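A short write-up of the structure that comes next.
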Amino acid sequence: MRSNPSLRELARSLGLSHTTVSEALRDSPRVKAATRERVLKAAREVGYRHNPLAGALMSEMRRSRSGTFRGVIAVIDLDGPERRPVNAARFHRELTRGAGERAVELGFKIEPFVIGHNEISISRLDAILQSRGIHGVFLLPASESPDLTQLDWTRCAGVYADYIIEHPGLHSVCSDHYRSMMTTLQRLHELGYRRPGLVLNRHHDERLLYRWEAAFQVYHNHHDVFSWLPPLIVPEITKPEFVPWFESAKPDVVLCHLAEAIEWMQSCGASVPRTHGFCCLNTMVNVVPCAGLDLQPWLLGVRGVELLIAQIHRNEYGVPEIPSTTTIPAAWVDGPTLRHSPASPAR
C-alpha cells in the first residue's frame, strides 16, 4: 500500500467496509473492540492519520444535503450567567460575539456549553463532543482556576481566553495588561496628572499574575514624573476601604475597575473631572461612561478562534508540550472622567 493511504485503501486491505473502518477510527461503540484494535493497529503500521474535519464534513453534508460545511466550536462557560458578576457579563458577551462572528467567516459555528453547578458535567460534555465530532474547545475566562483535565484532549484542540490555565496547560489569548498600564500612565502624565492612585481587587490582581501592579511599580521606578502612592489592593473594593485610602494618599487620579469609586471620591469633596480624574481599567464592565481602557474582548474572541481553528486544520490535538500566550493591547477610550488637555495637577 502506498504511503499516506486513503480510508478506502485501508478498508480494502483489511477486508472491511469503509464505514466500519471509519467508525473504528472514531472509537465508535458500534464496532467490536477486537475489530477496532485491528483497524487501529493497521492504521499505525501504514501511517494512516484520520482527518476529523473530513469526517465531520461528510457527516454534515449527509445531514443537510446542501454540501455546506459548518464545523462546530464548543464555547465552554465554567461560571454561567447566574454565577458571573453583573459587571463581567458584557465583557463575556463581546468575547463570545467576536468568537462567533469570526468562526462563521472561517466556515465554523460556535455552540455554548455551561458546565458544573447543576449544568452539564465534564464527562457528559466529553460524550457530547465525541458523538458530534466537535474538536475545538474555546474556554471563556473563569472566576476560579479552571480544571478540564477530565476531558479527552487527544481528540480536541483548545484555547483559553485568559492568562493562565494549568489543568491542562492550553494555549491562551488575553489582554496585554502590562503594556496597557504603561500606556495608561504615559497618557495620564500627558494630561497633567502627577499623583496616580491604583485600586485593585486582590484576587483579580493575583489571577493576572500581578501584571497591573507590576507595570505600575516599574513605571514609577523608571520615570521620575509621578509621586509614589501605595496602591490599594484589597479582597473587596468597598467604600469603607476606599475612603480612608483616598483621604490619606491624596491621588489626583484614580485607576480602578469600578465606576462606583467616582461617587466615593465625590463624597470626599472631589469633583470629577474638574479637580480629580478617574481612569477605568476596563470600560466594558461599567455602564457609566468613563475614560480608560477598552480591553477589546471582541478582538480577543476573534483572535482566539483563529488560533483554535488553525490548530484544527493542522490536526494539532492534545495538550501542547509548550503552551503559548497571545496578547492583545487595550485601546484607549476618551471619556468624561478625565480632563482632555494638560492642566495644573490637583492640590
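For the chain, relative contact order (Cα pairs under 8 Å, six or more residues apart, normalised by length) works out to 19 percent. Residues considered: Glu94, Glu316, Glu119. Largest GNM mean-square fluctuation over the chain, using C-alpha springs under 10 Å, is found at Glu119. Springs between Cα atoms under 10 Å define the GNM used for the chain, and in it the highest mean-square fluctuation of Val137, Val72, Val218 occurs at Val218. Taking only the Cα atoms of segment 257-333, the ratio Rg/Rh comes out at 1.24, with Rh defined as the Kirkwood radius.
Of all lysines in the structure, those lying under 17 Å Cα to Cα from Lys41, and not within fewer than 8 positions of it along the same chain, are Lys32. Protection proxy ranking of 162-171, 287-296, by the mean of other Cβ atoms within 10 Å over each peptide's residues and highest first, is 287-296, 162-171. Think of it this way: in the chain, Cys156, Cys174, Cys256, Cys268, Cys279 stand alone, with no other Cys Cβ under 4.7 Å. Within the same chain, lysines fewer than 8 places from Lys239 are excluded, and of the rest, those with a Cα less than 17 Å from its Cα are Lys250. The order of Thr275, Thr184, going from fewest to most other C-beta atoms within 10 Å of their C-beta, is Thr275, Thr184. In the elastic network of the chain, a GNM with C-alpha springs shorter than 10 Å, the most mobile of Gly80, Gly335, Gly15 is Gly15.
Structural descriptor for segment 234-325: relative contact order 19 percent, calculated from alpha carbon pairs under 8 angstrom and at least 6 residues apart. Once C-alpha pairs closer than 8 Å and six or more residues apart are averaged by separation and normalised to the residue number of segment 177-295, the relative contact order reads 26 percent.
When shorter helices are ignored and each DSSP H run of at least 4 residues is given -39500 (n - 2.57), the per-residue value for the chain at 222 nm works out to -13000 deg cm²/dmol. Remark: Tyr193, Tyr219 ranked as Tyr219, Tyr193, counting other beta-carbon atoms within 10 Å and listing the fewest first. Diagonalising the gyration tensor over the Cα atoms of the chain and scaling each eigenvalue by 5 before taking the square root yields semi-axes of 52, 18, 17 Å, largest first. The convex hull built on the alpha-carbon positions of segment 177-295 has an orientation-averaged projected area of 6.7 nm².
Computed from the coordinates by the stated procedures, all read-outs in this text should not be read as laboratory data. Everything quoted here is computed from the prediction, not taken from an experiment. Don't worry about glycine lacking a Cβ; one is built from the backbone with ideal geometry, like all the others, and counts go over all protein chains shown.
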